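Single-structure report; data block below.
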Amino acid sequence: MRSLKRLLEEHNLTVEEYQRIKKILGREPNLVELGLYSVMWSEHCSYKSSKVHLKKLPTKGKYLIQGPGENAGVVEAAGKAVVFKVESHNHPSFVEPYQGAATGVGGILRDIFTMGARPVALLDSLHFGPLERPSNRAIMEGVVSGIAGYGNPVGVPTVGGEVDFEEEFSHNPLVNVMCVGIAEKDGIFYARAGKPGLSLVYAGAPTGRDGIHGATMASAEFGQETEHKKVNVQVGDPFREKLLMEATLEVMEKNLIEGIQDMGAAGLTSSSSEMASKGGVGVELYLDRVPLREEGMNPYEILLSESQERMLMVAKKGKEEEIKRIFEKWGIEAVVVGKTTEDRRFKAFWKGEPVADVPVESLAGDAPQYQRPYEKPEIDEREDPAWAEERNWQKALLKIISSPHMASRRWIYQQYDHMVQTNTVLLPGIGPSVLKIKGQKEAIALTIDANPAWGRANPKAAAVLTVAEAFRNLACVGAEPLGITNCLNFGNPEKPKVMGQFVETIEGMKEALEFFEVPVTGGNVSFYNETQGKAIPPTVVIGAVGLVEDYRTIPRPERVEEGMGIFLLGWTGKDLGSSVYLKAVLGQTGGRVPEIDLEKEKLLQQQLIRLVREGKVAYAVDLSPGGLLPNLAEALFHIDIGAELSFSTREEEAYFLFGESPSRALVFAPGELEADVPVLKLGTVKGQDLVAYINGRKKLDLPLKQLRRSWESLFPSLFDK
Amino acid sequence: MGNRKIRFGVVVFPGTNCDRDTYHVIKEVAEEEAVYLWHRERDLRGSQVVVLPGGFSYGDYLRSGAIARFSPIMEAIREFAEGGGLVLGICNGFQILLEAGLLPGAMLRNKGLRFICRFEELEVENAETPFTLLYEKGERVKMPIAHIDGNYFIEPHKLALLEREKRVVFRYRENPNGSLNDIAGIINRGGNILGMMPHPERASEAELGSTDGLRTFLSAAKYVRES
């Protein structure tokens with residue numbers, strides 16, 4: 001007989017939480033019920049540490065259709081509903097990189113098509129430990145092939161993303177996946193059970209033992225025995241997902257269901273109890289009817305399994321058979337496994353015998369919420385890092401563009417099908433993703449951004465800077481932001497220091513979003529990214545959706561011609577702290593993060609959008625991270641013409657060339673450029689070399705070809721030996 | 001007579017994922033007629049050209065295209081092709097045609113063992129097929145590839161025969177996957193079944209980076225219209 005203490009430990013519940021369960025039930029819970037509370041009250045499902053803070057974020061906006069609380073957020077764009085969300089699959093991706101990442105893609109796809117939207121794009125934010133270490137290379141290789149191995153067959157293009165490297169991610173890599181879908185405005189479906197007396201239809205893969213307690217695993221630190229957790233990682237089947245998606249979209253189009261929820265974390269338990277909670281009803285589940293993949297599974301396992309590619313639907317009255325026929329056409333099993341009831345209780349039966357009976361609200365609505373103690377994090381304010389040590393800008397540029405932070409990501413994104421669906425107007429690597437909406441001149445622009453180096457130095461400022469950067473990326477294609485989704489990646493929230501980082505991050509996001517008047521539509525919090533007491537740097541990942549008025553006129557490298565001017569717009573500060581330059585050239589981390597003046601930032605973005613919409617911009621790029629020179633070089637690689645630059649700087653050259661001041665952008669345009677922000681002409685698009693005279697002295701003279709080689713070689717040389 | 005629309009049948013296997021793209025290009029860009037053909041059907045619904053689009057039929061878990069060839073629709077397609085009907089297999093569609101024996105050879109895993117999605121430059125080797133009559137021989141065209149099994153293999157003597165009979169239709173300028181003789185697309189001896197790894201439907205609208213693929217569909221329509 002296991003002791004209670006041991007049992008609670010295994011279920012990741014505290015003694016206080018156990019007491020609370022006893023009080024709710026008026027008796028001791030049985031093992032099945034304990035399992036239910038364990039998953040539903042896990043950090044992953046209940047947001048018990050974050051909820052009180054997440055409430056502070058702005059969730060209203062003029063384009064908003066659906067804010068947080070559903071499977072995904074929804075904004076209006078060009079008369080359509082754009083459904084989007086980002087989610088983490090960090091813990092599983094460390095334990096089993098390929099399947100962890102693959103099922104992360106699967107899960108977020110289901111969140112989108114569960115809302116009635118056809119997924120049109122995937123983006124990823126990936127963070128790994130340094131690639132010098134083979135274990136980190138293995139994780140990265142597994143994650144990239146997992147994303148490809150799932151996203152490619154499903155037929156949803158992976159159109160963009162970001163990848164970066166910091167020491168702390170060696171034991172806790174970040175795999176955050178964003179999915180975007182498009183639906184008709186009146187075609188959105190919600191995770192609500194409607195009314196009592198309706199059938200619950202289970203559709204998709206049979207239930208196996210995989211992923212039991214996945215949500216609980218994602219709610220605890222890793223120790224040394226993480227290898228043993230492999231059994232907790234689910235296995236993905238993209239082929240089945242594709243069929244499930246087509247069938248689900250078809251039953252929605254034929255209007256056969258009241259509500260729907262995918263069986264993600266905490267599987268059958270969360271999908272049924274959450275729909276019941278939102279619909280104000282109860283549920284009865286007949287577990288012996290659930291299709292099973294393995295013999296001898298018990299109610300506990302069936303309720304907690306996180307097997308992939310499964311959906312739970314509330315059928316419209318009398319539509320059960322029609323639903324089953326559609327799923328059958330797509331080769332997917334669909335079975336009635338329960339019904340909604342009046343009594344607002346969650347009841348599960350096994351061959352007629354009750355095995356669990358608890359109030360629905362106690363699982364889905366009334367999980368404990370904690371105001372965890374927090375302390376203000378230390379802010380790294382160190383000024384004047386040793387930037388002066390390297391004065392050879394040519395050498396510095398080569399080091400930066402060949403470093404993992406800036407090297408070409410082509411090795412990664414060419415493993416992803418980024419063109420399927422024939423909407424991809426801007427290919428990966430060029431700027432934000434721009435996707436057509438067929439039959440319309442409007443398009444959506446997408447970006448996903450994060451900067452853990454900033455987060456490490458100053459969590460609040462990092463949040464402000466990351467939001468600003470995301471919107472600046474959108475402005476480079478003339479897109480106005482409609483809404484964001486976010487993934488907040490942190491260490492153990494039971495530690496006041498980590499909680500302090502979280503609270504500060506929320507403050508920063510709130511400040512920036514309120515200023516730009518853009519809402520959060522949903523997202524995900526991933527805590528416990530911590531191994532043997534070492535936490536990741538606080539990492540806020542922002543996924544933003546913007547509206548392009550006319551995709552035919554967006555700036556793109558192909559529009560740039562020899563003889564066009566190269567202009568720097570905006571303001572340069574003394575912002576080399578925590579920069580790529582410090583890391584890649586001097587091997588240093590830390591230092592004060594860039595200063596940002598939101599008024600200036602907004603002005604710059606407005607001017608960019610105006611210039612683009614007036615057709616005056618051939619191509620525009622954001623300069624952060626990396627700064628002016630590396631981003632200019634990268635732009636030239638896309639343009640495939642050289643440049644001759646000649647300019648003077650008021651600032652120290654290092655700040656100007658490599659500083660990461662926000663509120664700056666590089667613009668390629670014919671003729672002269674006028675804007676209500678400082679404009680400096682740097683030079684002209686010309687020839688096959690990058691030549692620069694800075695403050696009267698020749699500082700750069702390199703063939704573009706040579707630069708390109710340095711930029712392109714890193715990932716192939718590491719992975720394709 | 002000259003404006004009569006040609007009907008293209010777009011085959012949908014479970015796991016096909018370029019069906020909607022191909023349908024879209026045929027209907028909205030090429031401005032011809034398009035119908036979907038479900039894999040369990042045996043009726044080609046009056047299709048004058050049959051297209052097997054790209055994707056991962058049946059998940060490609062066994063071998064790319066290995067299971068799709070047993071579908072009922074494949075029998076109808078075989079009959080249609082035997083009667084001289086035009087059949088175009090793109091990417092996974094090409095793999096299915098190989099597995100079904102309608103085209104010779106086999107696809108191996110890419111030489112780098114990774115999935116590759118990118119634009120490739122191709123050379124049109126044969127501009128006299130029904131699918132390439134709007135191209136020039138030797139013309140260089142840009143179309144994307146997106147596959148992990150695109151490394152074309154065939155026995156040496158059959159390869160020599162293919163070359164001799166001018167049945168290599170598209171060749172990569174820079175071989176991305178290890179294909180023998182840089183082969184990107186081949187046609188059957190009857191000249192009515194084309195298989196190609198590059199995706200012409202992804203290169204049919206200027207904003208997507210190339211319109212070079214559109215003429216594959218336009219050529220087929222012109223051929224049918226004029227025959």
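The values are calculated or read from the model by the stated rules, or taken from the named source; none is laboratory data. All values derive from a computational prediction rather than experimental measurement. Cβ placement follows ideal geometry from the backbone for every residue including glycine, while neighbour counts extend to all protein chains displayed.
For the reader, a short list of remarks on this structure follows.
Okay, residues lined up against (1) of a type in the set (A, V, I, L, M, F, W, C); (2) within 18 Å of residue A:274 (Cα to Cα); (3) assigned to a loop (DSSP other than H, G, I, E, B):
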site: A:177; (1), (2), (3): yes, no, no
site: A:181; (1), (2), (3): no, no, no
site: A:187; (1), (2), (3): no, no, yes
site: A:190; (1), (2), (3): no, yes, yes
site: A:195; (1), (2), (3): no, yes, yes
site: A:200; (1), (2), (3): yes, yes, no
site: A:203; (1), (2), (3): yes, yes, no
site: A:211; (1), (2), (3): no, no, yes
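- Taken over segment B:172-200, the criterion of being of a type in the set (D, E, K, R) and more than 16 Å from residue B:105 (Cα to Cα) is satisfied by B:173, B:174.
Results for (1) of a type in the set (A, V, I, L, M, F, W, C); (2) under 25 Å from residue A:417 (Cα atoms), shown as yes or no for each residue.
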{"position": "A:159", "(1), (2)": "yes, yes"}
{"position": "A:163", "(1), (2)": "yes, yes"}
{"position": "A:169", "(1), (2)": "yes, no"}
{"position": "A:173", "(1), (2)": "no, yes"}
{"position": "A:179", "(1), (2)": "yes, yes"}
{"position": "A:188", "(1), (2)": "yes, no"}
{"position": "A:195", "(1), (2)": "no, no"}
{"position": "A:200", "(1), (2)": "yes, no"}
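- Which numbered condition residue A:603 misses (of (1) within 25 Å of residue A:643 (Cβ to Cβ); (2) part of a helix (DSSP H, G or I)): (1)
- Taken over segment A:549-566, residues that are within 8 Å of residue A:668 (Cβ to Cβ) and within 11 Å of chain B (Cβ to nearest Cβ) amount to 0.
- Within segment B:43-62, being within 14 Å of another protein chain (Cβ to nearest Cβ), assigned to a loop (DSSP other than H, G, I, E, B) and surrounded by fewer than 20 Cβ atoms within 10 Å (Cβ to Cβ) holds for B:61, B:62.
- Qualifying residue in segment A:114-128 (condition: away from chain B (no Cβ under 14 Å), part of a helix (DSSP H, G or I), modelled with pLDDT of 95 or more and farther than 28 Å from residue B:149 by Cβ): no
- Counted residues, segment B:14-42 - those being in a loop (DSSP other than H, G, I, E, B), under 11 Å from residue B:73 (Cβ atoms) and within 11 Å of chain A (Cβ to nearest Cβ): 2
- Some residue of segment A:154-162 being within 14 Å of another protein chain (Cβ to nearest Cβ), in a helix (DSSP H, G or I) and either in contact with a helix residue (DSSP H, G or I) (Cβ under 8 Å, 6 or more places away or on another chain) or within 30 Å of residue A:260 (Cβ to Cβ) (or both): yes
- Pairs with Cβ under 9 Å, 6+ apart, first in segment A:309-330 and in contact (Cβ under 8 Å) with a residue 60 or more places away in the chain and within 14 Å of another protein chain (Cβ to nearest Cβ), second surrounded by fewer than 19 Cβ atoms within 10 Å (Cβ to Cβ) and in a helix (DSSP H, G or I): A:326/A:250; A:327/A:250; A:329/A:250; A:330/A:250
- Residues of segment A:616-642 satisfying the condition of being over 18 Å from residue A:570 (Cβ atoms) and hydroxyl-bearing (Ser, Thr, Tyr): none
- Taking segment A:288-366 as the region of interest, the strands (runs of 3 or more DSSP E) fully inside it that hold 1 or more residues being closer than 18 Å to residue A:263 by Cα are A:310-315, A:334-341, A:345-350.
- Residues in segment A:253-264 that are more than 11 Å from residue A:314 (Cβ to Cβ) and crowded, with 22+ Cβ neighbours inside 10 Å: A:262, A:263, A:264.
- Condition met for residue A:38 (of a type in the set (S, T, N, Q) and either assigned to a helix (DSSP H, G or I) or surrounded by fewer than 19 Cβ atoms within 10 Å (Cβ to Cβ) (or both)): yes
- Search result, residues across segment B:116-130 that are under 20 Å from residue B:211 (Cβ atoms), within 14 Å of chain A (Cβ to nearest Cβ) and more than 16 Å from the chain's Cα centre (by Cα): B:117, B:118, B:119
- Segment B:54-92, residues that are of a type in the set (D, E, K, R) and either touching a residue at least 24 places away in the same chain (Cβ under 8 Å) or touching a helix residue (DSSP H, G or I) at 6+ places or on another chain (Cβ under 6 Å) (or both): B:60, B:63, B:69, B:75, B:78
- Restricted to segment B:1-13, and to residues there that are buried (at least 20 other Cβ atoms within 10 Å of the Cβ) and in a loop (DSSP other than H, G, I, E, B), the residue that is farthest from the other protein chains (Cβ to nearest Cβ) is B:6.
- In segment B:73-110, the residues that are more than 16 Å from the chain's Cα centre (by Cα) and within 14 Å of chain A (Cβ to nearest Cβ): B:109, B:110
- Verdict on residue A:138 being assigned to a helix (DSSP H, G or I), surrounded by fewer than 21 Cβ atoms within 10 Å (Cβ to Cβ) and at pLDDT 95 or above: yes
- Any hit, segment A:639-660, residues being in a helix (DSSP H, G or I) and farther than 25 Å from residue A:598 by Cα: yes
Here is a yes/no grid of residues against (1) surrounded by 24 or more Cβ atoms within 10 Å (Cβ to Cβ); (2) more than 26 Å from residue B:8 (Cα to Cα):
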| position | (1), (2) |
| --- | --- |
| B:87 | yes, no |
| B:100 | no, no |
| B:114 | no, yes |
| B:143 | yes, no |
| B:147 | yes, no |
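- Comparison of B:201, B:174 shows that the only residue that is in a helix (DSSP H, G or I) and touching an Asp or Glu at 6+ places or on another chain (Cβ under 8 Å) is B:201.
- Hits in segment A:80-106 (condition: under 13 Å from residue A:183 (Cα atoms) and either out of contact with any Asp or Glu (no Cβ under 8 Å at 6 or more places or on another chain) or among the polar types (S, T, N, Q) (or both)): A:83, A:84
- Restricting segment A:529-549 to residues that are touching a strand residue (DSSP E or B) at 6+ places or on another chain (Cβ under 8 Å) and surrounded by fewer than 24 Cβ atoms within 10 Å (Cβ to Cβ), the residue that is farthest from residue A:470 (Cα to Cα): A:532
- Selected residue (only one of B:161, B:113 is more than 30 Å from residue A:416 (Cβ to Cβ) and either within 11 Å of chain A (Cβ to nearest Cβ) or aliphatic (A, V, I, L, M) (or both)): B:161
- Filtered residue count, segment A:681-711, keeping only those that are of a type in the set (Lys, Arg) and farther than 28 Å from residue A:410 by Cα: 4
- Exclusive hit being more than 30 Å from residue A:699 (Cα to Cα) and either within 14 Å of chain B (Cβ to nearest Cβ) or small (Gly, Ala, Ser) (or both), set A:379, A:412: A:412
- Between B:227, B:179, the distinction of being under 21 Å from residue B:34 (Cα atoms) and not hydrophobic (A, V, I, L, M, F, W, C) belongs to B:227 only.
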